[in-house]
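*Asks:* For reference, the structure I am asking about is given below.
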Amino acid sequence: MQISYELSETDFSQAYVAHRNRTALGRWARRIFLGCMILVALCLLAVFLIDHNAQAVRGILPGLALALMWITIVWALPRWTMRRQFRKQPGAHGARNLLLDTAGAHWRWNGGTSDVEWRNYIRWVEGNTQILFYTSPACFNILPKRALTIEQLDELREVLKQHIPLKQ
């Protein structure tokens, strides 16, 4: 099976989301933490709107700043980091080719190649818009689903199920 595609900035960001959400614990811990921080920020803002004197502001401002800082770190910083990483990584730009055969995956891109035997993959994760091929717990290659037809996607899933354990 041969697949040709180009990575985009969105692919990088969505791959990070798929990587981060690969376990239920990771998905829900982040959601609960963000929900709590948003709730704290809204409660502090409500207190300020009800009693907006100087004393209230001095008491509320540090908590509100801390809640907003954590919201930014957990929600906005990863998106910014992934966009920045894509822009500064020359190998991520340009045409890419993936050839899957009985030996493994053969990646070709502008400026590099990689041949990885199936036994070197520890897992694969299917996100909403891409499939990630893991060679270590945090190192993965990205294959956008938009590069595949429905038939190719089904065939790819079967090939991956045969050669790589599916771990979420």
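*Asks:* Determine whether segment 15-23 contains at least one residue that is modelled with pLDDT of 85 or more and of a type outside the set (Gly, Ala, Ser). Spell out the reasoning first.
*Replies:* At the first step, the residues of segment 15-23 found to be modelled with pLDDT of 85 or more are 15.
Next, only the ones that are of a type outside the set (Gly, Ala, Ser) stay: none.
Within segment 15-23, not a single residue is modelled with pLDDT of 85 or more and of a type outside the set (Gly, Ala, Ser).
*Asks:* Separate question: For segment 6-46, what are the residues that are more than 20 Å from residue 139 (Cα to Cα) and either aromatic (Phe, Trp, Tyr) or in contact with a helix residue (DSSP H, G or I) (Cβ under 6 Å, 6 or more places away or on another chain) (or both)?
*Replies:* Within segment 6-46, 28, 33, 34, 37, 40, 41, 44 qualify.
*Asks:* Quick check on residue 119: is it within 16 Å of residue 13 (Cβ to Cβ) and either of a type in the set (Val, Ile, Thr) or without any contact (Cβ under 8 Å) to a residue 60 or more places away in the chain (or both)?
*Replies:* On the way: within 16 Å of residue 13 (Cβ to Cβ): no; either of a type in the set (Val, Ile, Thr) or without any contact (Cβ under 8 Å) to a residue 60 or more places away in the chain (or both): yes.
No: the conditions fail for residue 119.
*Asks:* Then there is this: From the list 129, 149, which residue is within 22 Å of residue 27 (Cβ to Cβ) and either of a type in the set (Ser, Thr, Tyr) or in the same structural domain as residue 15 (by TED's automatic domain parsing) (or both)?
*Replies:* Working: 149 fails: within 22 Å of residue 27 (Cβ to Cβ).
That would be 129, the only listed residue that is within 22 Å of residue 27 (Cβ to Cβ) and either of a type in the set (Ser, Thr, Tyr) or in the same structural domain as residue 15 (by TED's automatic domain parsing) (or both).
*Asks:* Also: Return the only residue of 1, 69 being among the aliphatic types (A, V, I, L, M) and under 30 Å from residue 106 (Cα atoms). Quick ask: steps written out before the conclusion?
*Replies:* Details: 69 fails: under 30 Å from residue 106 (Cα atoms).
Just one listed residue meets the conditions, 1.
The values are calculated or read from the model by the stated rules, or taken from the named source; none is laboratory data. All of these numbers come straight from a predicted model, not from anything done at the bench. Backbone-built Cβ (ideal geometry, glycine too); neighbour counts: all protein chains shown.
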